């Protein structure tokens, strides 16, 4: 009887893990879809005739998916030539394989870092990684990824930040400091974020996010 219960518990745990991994994989694919949407829609006409640079990089990169950011009161311009309000985000540095778009953000066409003091902000679906909300703790209980939805009704879409394929400086504490754009989508836009580990206050703190289309087409 005890063995049957143990097997049932392990089955549920394994299924939950697979479900979370699937969810993060969906978020990753959606992030790529959003990048392509920005590049080929009328919003970014300057890039509409370019070819996608989607690829997989292997090495050190910043994973900003769970970071909130702070406005710098400056503007930042990427490869598409469009200026947006700039935010600064602190992100953990991870080593391994990650998704990049070498023609997006301010990447220069390859995965190679701009110099030894910089890494690119890329994306990889992970269940556990150091997060800003828990002061980049390496304890498993502090590293679990939690996806939350910030609804269009909050009118916070213009505070959604986008660090995908942007350059980051390696800080003295080993945390990447990434300069990224915000304000790329209208306020009445729903977005998903891993920032805040489920705390809804993160929605207004310029979180690194994935905007998703709401029922009104925003």
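Can you give the FRET efficiency for residue 144 and residue 58, using 1/(1 + (r/R0)^6), R0 = 22 Å, r = Cβ-Cβ distance, to the nearest 0.05? Once rounded, the FRET efficiency stands at 0.30.
Between residue 72 and residue 117, 0.36 nm times their residue separation minus their Cα-Cα distance comes to what?
Details: separation 45, 0.36 × 45 = 16.20 nm, distance 2.09 nm.
Length gained between residue 72 and residue 117: 14.1 nm.
Exposure proxy for 142, 173, 101: other Cβ atoms within 10 Å of each Cβ, ordered fewest to most, give 173, 142, 101. Shown for 107, 143: other C-beta atoms within 10 Å of each C-beta, ranked fewest to most, produce the order 143, 107. Looking at the square roots a ≥ b ≥ c of the eigenvalues of the Cα gyration tensor of the range 55-104, which shape do they give, rounded for a/c under 1.5, prolate if a/b is larger than b/c, or oblate? In terms of gyration-tensor shape, oblate.
A Förster radius of 41 Å combined with the Cβ-Cβ distance from residue 155 to residue 177 puts the calculated FRET efficiency at roughly 0.90. From least to most packed, judged by other beta carbons within 10 angstrom and beginning with the fewest, 159, 126, 149 follow the order 149, 126, 159. Maximal additional length on extending the residue 134-residue 201 stretch stands at 22.7 nm, based on 0.36 nm per residue less the C-alpha distance.
Give me the Å³ per residue figure for the convex hull around the C-alpha atoms of the range 151-218. Cα convex hull per residue, to the nearest whole number: 88 Å³.
Readers should treat all values here as calculations from the given coordinates under stated rules, not as data from a laboratory. Bear in mind that the values here come from a model prediction, so they are computed numbers and not experimental data. Because the Cβ atoms are built from the backbone with ideal geometry, glycine has one as well, and the counts that use them run over all protein chains shown.
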